[in-house]
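See below for the structure under consideration.
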Amino acid sequence: MDVTKESQYFHLAVALRITYGYKLDVTNNTADKDLAEEMIFVENYITKIRSHVQNVQDYLPRFFRIIFNYFNNISEVSLDLYQRREKYLSNLFCFTKHRLDLDDQDIQGAMMYDYCKSTNKDDISERQITSICLTMVSAGLDNTPLNFQYAMSQFSQSPSIYKKARQELLDCYDNDPIKCWKECHTSMKCDYIVAVVKETLRLFTVLPMSLPRATTKDIIYQDAVIPKGTTLFMNAWAGNHDPKRFLKPMEFIPERFLDLKTNKLDNSLKHFSFGIGARMCLGNNLAFKELYILICKFILMFKISASNEVVAHCSSLNPLEINMFPFSIAIEPRPYKTRYSIQDSALVEMLLNESEPASSASATVN
Ligand code: HEM
């Protein structure tokens, strides 16, 4: 299986449910699968062409930018992607809008439902809510799955970390995998898994230069004045790999986020993968919890180890070395083979017995 793709489906299903009350079912519904593929393709492509280092035109004055765009076919690609994105966003918006009066808990629990039912729409325009919905759907669509893929690759090369993570997790649930499977999404009980998520986010640093920000006023820094309107980048990679803060920064050591004596989380050590300050990632809690749940479920279900091919080639896990697109905003590692074997057949049996019949799929968006 393609673990990254599966976790993209997972993120999308969560995001569409929260945002529009839409139940995405890629396993039983081909229209949903097509929708998911389209969204994954368009959003991933946009991330690549929005790179800060490739788009020279972004740094030109408006007049030169128009000329540059005129002679450059990037605009055509951008326009096509823009229209494709608008299409699915508007279909999803209509999906919720046309179901406001149904007695449907998914719709009534959706962010969009609250917006449509709110009497005071002056606070936020339809354009703004569409933009918020877009962020909900797109912001974690690559970042979360890529981090998850990286955590799995690390487990495959570090059997002791994998073993410890599984045992620590089970310890929190009376050593009962089925209880753990059913309850692990309710609270992040296992400090060691939390530390694994933090260490993954730190070492991998999916957005190494964070996002560009423009200053809104002059800033005095030591002897220099940074004028209003200057574009700044935070070098999250440097912060996350600073040997003064993180001993052996290129090694995967979840324990660094735990207190040595108590074995509990030590929250004084911070990573920079979600940015910092007032404009840090707004989805950080959601993304963190998604990663936590995915990791718990995978280590419960599978024994994760290195594939023979990887052992033969001794593949690197240095994010910069395995990055396929050095000019993109995000680090995207080369596909990495990992061996997954079923760990717990009782768990599989329980899931097969419990699996819901194919959803009645009362409606689809296409
Ligand atoms: C592992 C997954 C994710 C990573 C690593 C990540 C990382 C980041 C980073 C580095 C920034 C810029 C922060 C800064 O400039 O200081 C950012 C901004 C943002 N992220 Fe995320 N993000 C992730 C997932 C998500 C998700 C799932 C959502 C929404 C559901 C989200 C919503 C946002 C929003 C709205 C902003 C802009 C905040 C602002 O401008 O005030 N992110 N993210």
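The values are calculated or read from the model by the stated rules, or taken from the named source; none is laboratory data. These figures come from a predicted structure and were not determined experimentally. Positions of Cβ are generated from backbone atoms using ideal geometry, with glycine treated the same way; all protein chains shown enter the neighbour counts.
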Scan of the stretch 270-295 for residues that are more than 6 Å from the ligand (Cβ to nearest atom), hydrophobic (A, V, I, L, M, F, W, C) and closer than 19 Å to Met188 by Cβ, ordered by number: Phe288, Leu291, Ile293, Leu294, Ile295
Top-ranked residue in the stretch 142-158 [being in a helix (DSSP H, G or I) and of a type in the set (S, T, N, Q); ranked as farthest from Glu6 (Cα to Cα)]: Gln157
Exclusive hit being surrounded by 21 or more Cβ atoms within 10 Å (Cβ to Cβ) and out of contact with any Cys (no Cβ under 8 Å at 6 or more places or on another chain), set Phe148, Phe64, Phe71: Phe148
Residues located in the stretch 83-109, provided they are among the charged types (D, E, K, R) and either over 19 Å from Gly21 (Cβ atoms) or within 16 Å of the ligand (Cβ to nearest atom) (or both): Arg84, Arg85, Glu86, Lys87
Residue satisfying condition, being assigned by TED's automatic domain parsing to the domain that holds Ile342 and within 16 Å of the ligand (Cβ to nearest atom), within set Asn147, Asn175: Asn147
Ser341 being within 10 Å of the ligand (Cβ to nearest atom) and either over 30 Å from Val56 (Cβ atoms) or in contact (Cβ under 8 Å) with a residue 24 or more places away in the chain (or both): no
Unmet requirement for Tyr82, which otherwise passes all of (1) surrounded by 15 or more Cβ atoms within 10 Å (Cβ to Cβ); (2) closer than 24 Å to Ala139 by Cβ: (1)
Subset tally (residues that are surrounded by 14 or more Cβ atoms within 10 Å (Cβ to Cβ) and more than 18 Å from Leu169 (Cβ to Cβ)) for the stretch 283-310: 7
Of all residues making up the stretch 152-174, the number that are of a type in the set (Ser, Thr, Tyr) and surrounded by fewer than 19 Cβ atoms within 10 Å (Cβ to Cβ): 1
Of all residues making up the stretch 60-80, the number that are part of a helix (DSSP H, G or I) and either of a type in the set (A, V, I, L, M, F, W, C) or touching a residue at least 12 places away in the same chain (Cβ under 8 Å) (or both): 10
Some residue of the stretch 268-277 being without any contact (Cβ under 8 Å) to a residue 24 or more places away in the chain, within 15 Å of Ala195 (Cα to Cα) and assigned to a loop (DSSP other than H, G, I, E, B): yes
Selection count where residues are surrounded by fewer than 16 Cβ atoms within 10 Å (Cβ to Cβ), over 27 Å from Trp237 (Cβ atoms) and not basic (Lys, Arg), scope the stretch 311-343: 4
Output for the stretch 110-141, where each listed residue is in a loop (DSSP other than H, G, I, E, B) and within 16 Å of the ligand (Cβ to nearest atom): Ala110, Ile124, Ala139, Gly140, Leu141
